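To start, the structure itself, in structure tokens.
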Amino acid sequence: MQFKKMPQSAFRKRSSIIAEQIVKQIRNKEYRPGMKLPPERLIAEQTGVSRPSVREAISALQIVGIVESHPGDGTYVCEKIGAEDLSHQALEVLEKNESPLELLQARKALEIGAARMVIRLADATDLQNIRQAWNKKQKEGLRGNYDGYLKYASEFHMAIADATGNRLIARMTENLLQATQQPLWQSMRRTYYSADPGRIREMLAVHDRIVEAIETRKTDLVIDSIEEHFDILIQRTYNLSDKGKDSR
């Protein structure tokens, strides 16, 4: 059972077209309830798209209950799929939500620039606000409180953006953080952390270095730490082998 090669001129999101192909094969009973889908890498090879696009397509199908993930095993067609056609809901998730990969890439670029400015411009009050936000995030993370950890994560990143003194940077950061509340990224992020609860502590260690670099005004350290933060998220969220360098 082969997937079709993706047209290079496709205007719609590639993830949407992949999702449509999977749903069509389920409707045609090429994949029946309880059957395992091919690995994401194989689907990507057959369609000629990147693995991130495949991962986002499958995540949208999971959100609406068409497929389900079995950690360490693979993705299966749900045993019970309601009579209602859920494909349009999955496509709506993909078309109306920003790509989590593009969100991470945009945040990485913006936050590196913001941190460089903070190192040069932040005063004692700015540094105190960053430290306070970080302490709250760290506390919730160490407790294993996933929801609290994410709540204060946004506060922490906004504290850094505010410390630039640039209202446009703060507004852009706020918009990107609001986009992370969309269902697609929420689902993929929760999957990322639930796969290994220890990942929160790993992220805390990286963030601790970011705060240290800002407080000691070490530009190279802050750049390296922010790059590490986002590269780890991209690599593991999308199960990539080269730190997120897979093309879309």
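State the number of residues belonging to region 131-175 that are of a type in the set (A, V, I, L, M, F, W, C), over 16 Å from A115 (Cα atoms) and buried (at least 17 other Cβ atoms within 10 Å of the Cβ). Don't jump to the end; show me each part of the working.
Here is the first cut: in region 131-175, the ones of a type in the set (A, V, I, L, M, F, W, C) are 133-134, 142, 150, 153, 156, 158-161, 163, 168-170, 172.
Next, from what is left, pick out any that are over 16 Å from A115 (Cα atoms): 142, 150.
Still in the list and also buried (at least 17 other Cβ atoms within 10 Å of the Cβ): 150.
Summing the residues that are of a type in the set (A, V, I, L, M, F, W, C), over 16 Å from A115 (Cα atoms) and buried (at least 17 other Cβ atoms within 10 Å of the Cβ) in region 131-175 gives 1.
Quick check on this structure: which one of R171, R201, R190, R217 is of a type outside the set (S, T, Y), modelled with pLDDT of 95 or more and assigned to a helix (DSSP H, G or I)?
Values: R201 fails: modelled with pLDDT of 95 or more; R190 fails: modelled with pLDDT of 95 or more; R217 fails: assigned to a helix (DSSP H, G or I).
Answer to the selection: R171.
With respect to A133, determine if the residue is more than 30 Å from V54 (Cα to Cα) and either touching a helix residue (DSSP H, G or I) at 6+ places or on another chain (Cβ under 6 Å) or at pLDDT below 95 (or both).
Here the answer is yes, as A133 does meet what is asked.
Restricting attention to region 76-95, and to residues there that are assigned to a helix (DSSP H, G or I) and hydrophobic (A, V, I, L, M, F, W, C), which single residue is surrounded by the fewest Cβ atoms within 10 Å (Cβ to Cβ)? Give the steps one after another, and end with the answer.
Within region 76-95, the subset assigned to a helix (DSSP H, G or I) is 87-95.
This time we only want the ones that are hydrophobic (A, V, I, L, M, F, W, C), so: 90-91, 93-94.
Numbers: A90: 26, L91: 22, V93: 24, L94: 25.
By that ranking, first place goes to L91.
Kindly provide the set of residues from region 39-75 that are buried (at least 20 other Cβ atoms within 10 Å of the Cβ) and free of Cβ contacts under 8 Å to residues at least 12 places away in the same chain, ordered by number.
A44
Determine whether L101 is in contact with a Phe, Trp or Tyr (Cβ under 8 Å, 6 or more places away or on another chain) and closer than 13 Å to R14 by Cβ.
Against the criterion (in contact with a Phe, Trp or Tyr (Cβ under 8 Å, 6 or more places away or on another chain) and closer than 13 Å to R14 by Cβ), L101 qualifies.
Does K139 fit the bill of being closer than 26 Å to W185 by Cα, free of Cβ contacts under 8 Å to residues at least 24 places away in the same chain, in a helix (DSSP H, G or I) and in the same structural domain as R190 (by TED's automatic domain parsing)?
In short, yes.
Looking at L168, L142, L177, L91, can you tell me which residue is out of contact with any helix residue (DSSP H, G or I) (no Cβ under 9 Å at 6 or more places or on another chain) and among the aliphatic types (A, V, I, L, M)?
L168
Residue check: is P38 under 24 Å from the mean Cα position of the chain (by Cα), under 19 Å from V77 (Cα atoms), outside any helix (DSSP H, G or I) and modelled with pLDDT of 90 or more?
Yes.
Go through (1) more than 25 Å from Q178 (Cα to Cα); (2) touching a strand residue (DSSP E or B) at 6+ places or on another chain (Cβ under 6 Å) and name the single condition L61 misses.
(1)
The values are calculated or read from the model by the stated rules, or taken from the named source; none is laboratory data. None of these values were measured; they are calculated from a predicted model. For neighbour counting, all protein chains shown are included, and Cβ atoms are generated from backbone atoms with ideal geometry for every residue, glycine included.
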